[in-house]
Amino acid sequence: MDTIFAQATASGRAGVSVVRLSGPSAHEIARQIAGPLPEPRGSALRDLRNLSGDVLDQALVLNFAAPHSFTGEDVVEFHLHGSIAVMRACLELLSTFPDTRLAQPGEFTRRALENERLDLVQVEGLADLIEAETEAQRKQALRVLSGHLGALVGLWRKDLIRAAALLEATIDFADEDVPVDVTPEVNTLLDGVARALEKEIAGTHVAERIKTGFEVAIVGPPNAGKSTLLNALAGRDAAITSHIAGTTRDVIEVRMDLGGLPVTLLDTAGLRDTVDEVEAMGVERAIQRAQTADIRVFLIAEGDALPFEPQKDDIVLRPKADVSGSTERSISGKTGFGVSELIADIQQTLLERSQSAGLATHERHRIALVEAQQNLTEVKVILQGGPDLYDIASAELRLATRALEVLVGHVDVENLLDEIFASFCLGK
């Protein structure tokens, strides 16, 4: 492999800029430009010199020896003064060494995956951590990056391999000292994995919402004060407000941090029957977005009918409390009356929902988990046909195991045979 290098911090002036060097020649190159390296996992202050002996900068040099590094290779980091000129000179110097090149986007992380320092889910967790904007996103990304989902998948995979091994042993080694009726143990193993998968799948929607943001739609008839309320919640004039009905014709989105959770507020078109073709399109779009949102805030005057049935945790309020004088379940975006209480209600609801978030945070994760679950359901049906169908059940189990292996990016077909011979002492 080539030895790769790249700037590991943001471009531009800074107090400190970091250059990372990884690969088989990393240590030798570092010695040539920085002199003796510190002990592995140690650091030292060194003068960096070009091939002519001129000093480029004084840097803190960190040394990591394979496999105990981020990439699993020999790695050296140079913590430089954050000058654009210093950074440019260092990168140009590194490019002069043979078999050394500038890293491609994400290549350090890809090498970490290839060297089994991270699994595929952890790689995605790292990307989510870099993109995190709120406290909830940071915590969730760290949970994924820590490898908890990979560890769970490892346990599920072990149970499925054990179940398949029991079935295979019954088929191929009927004359050996192995259990004749393995169905009870196989069913116990499959039920345990199926319950765990069901729980994790149930939490994928909330986990993905924490990553991408919850949606709260403000719904009501024209001139109900929806845009005024949106501006009050956002703390700025995000939407045009007017006494003229039908001002809002498209969905206006405002993203905010609510108690550490990412929330997108949706100001929708006023819901009414209209002959205006453009406004009618806005009303239709408003209904669609509102129905798919996580929470709907209905602004409905006393005596008026709701445009559609509220869902669990939806909030129904009387608008324009400053005009009506009502204080019961009322709100006014103009004066701010009831706004704090509305924010608290939304925050509490979303915090409660976030408690059920799983470790699977991407659609790819959910698809793999659902595929494994469907395979297990099929296995349970096949097992009811008795030992004559064990070979088919075993093949279906392999598909479930493969789905989980794809989830974390690990595929190892030898484990099934290893389990058979290790568990039953066969072939002695």
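Only residues that are over 34 Å from the mean Cα position of the chain (by Cα) and surrounded by fewer than 16 Cβ atoms within 10 Å (Cβ to Cβ) were counted in the stretch 39-49, giving 4.
Looking for something aliphatic (A, V, I, L, M), within 23 Å of PHE214 (Cα to Cα), surrounded by fewer than 18 Cβ atoms within 10 Å (Cβ to Cβ) and touching a helix residue (DSSP H, G or I) at 6+ places or on another chain (Cβ under 6 Å) - is there at least one such residue anywhere in the stretch 381-400?
The initial filter retains those residues of the stretch 381-400 that are aliphatic (A, V, I, L, M), namely 381-383, 389, 392-393, 395, 397, 399-400.
Retained after the next criterion (residues that are within 23 Å of PHE214 (Cα to Cα)): none.
The answer is no; no qualifying residue exists.
Looking across GLU284, GLU302, one residue alone is out of contact with any Lys or Arg (no Cβ under 8 Å at 6 or more places or on another chain) and surrounded by fewer than 13 Cβ atoms within 10 Å (Cβ to Cβ). It is GLU284.
Checking each residue in the stretch 83-97 for being among the aliphatic types (A, V, I, L, M) and either under 13 Å from SER22 (Cα atoms) or part of a loop (DSSP other than H, G, I, E, B) (or both) picks out only LEU94. Looking only at residues of the stretch 1-34 that are β-branched (Val, Ile, Thr) and crowded, with 20+ Cβ neighbours inside 10 Å, we find that the one that is nearest to LEU80 (Cα to Cα) is VAL19. For the stretch 291-311, a residue qualifies if it is within 16 Å of GLY225 (Cβ to Cβ) and not in a loop (DSSP other than H, G, I, E, B), and the qualifying residues are ARG296, VAL297, PHE298, LEU299.
Can you name the strands (runs of 3 or more DSSP E) wholly within the stretch 11-82 that have at least 2 residues being without any contact (Cβ under 8 Å) to a residue 60 or more places away in the chain and in the same structural domain as LEU94 (by TED's automatic domain parsing)?
Details: elements: 16-22, 43-49, 55-64, 75-81.
Counting at least 2 such residues, we get 43-49, 55-64, 75-81.
Scanning the stretch 38-74 for residues that are among the β-branched types (Val, Ile, Thr) and closer than 24 Å to ASN115 by Cα gives VAL61, THR71.
Among the residues of the stretch 112-148, those identified as over 30 Å from THR3 (Cα atoms), over 11 Å from the mean Cα position of the chain (by Cα) and assigned to a helix (DSSP H, G or I) are GLU135, ALA136, HIS148. Across the stretch 312-368, the number of residues qualifying as assigned to a helix (DSSP H, G or I) and of a type outside the set (A, V, I, L, M, F, W, C) comes to 15.
Which of the residues that make up the stretch 307-322 are surrounded by 11 or more Cβ atoms within 10 Å (Cβ to Cβ) and without any contact (Cβ under 8 Å) to a residue 24 or more places away in the chain?
Correct list: PHE308, PRO310, GLN311, ASP314, VAL316, ARG318, ALA321, ASP322.
Taking each residue of the stretch 274-302 that is at negative phi and of a type in the set (Ser, Thr, Tyr) and looking for partners that are modelled with pLDDT under 80 and buried (at least 18 other Cβ atoms within 10 Å of the Cβ) with beta-carbon atoms closer than 8 Å, six or more apart or interchain, yields THR274/VAL283. Of everything in the stretch 208-240 that is more than 21 Å from ILE315 (Cβ to Cβ) and assigned to a loop (DSSP other than H, G, I, E, B), the residue that is modelled with the lowest pLDDT is ILE240.
Here's the yes/no breakdown for (1) surrounded by fewer than 17 Cβ atoms within 10 Å (Cβ to Cβ); (2) at pLDDT below 90; (3) of a type in the set (A, V, I, L, M, F, W, C):
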| residue | (1), (2), (3) |
| --- | --- |
| LEU37 | no, no, yes |
| LEU51 | yes, yes, yes |
| LEU62 | no, no, yes |
| GLU73 | no, no, no |
| ASP99 | yes, yes, no |
| LEU113 | no, yes, yes |
| LEU118 | no, yes, yes |
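Rundown of residues vs (1) in contact with an Asp or Glu (Cβ under 9 Å, 6 or more places away or on another chain); (2) in contact (Cβ under 8 Å) with a residue 40 or more places away in the chain, yes/no style:
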| residue | (1), (2) |
| --- | --- |
| LEU102 | no, yes |
| PHE108 | no, yes |
| ARG111 | yes, yes |
| GLU116 | no, yes |
| GLN122 | no, no |
| ASP128 | no, yes |
| ALA132 | no, no |
| GLU135 | yes, yes |
| GLY147 | yes, no |
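The values are calculated or read from the model by the stated rules, or taken from the named source; none is laboratory data. These numbers come from a predicted model, not from an experiment. Positions of Cβ are backbone-derived with ideal geometry, glycine not excepted, and every protein chain shown enters the neighbour counts.
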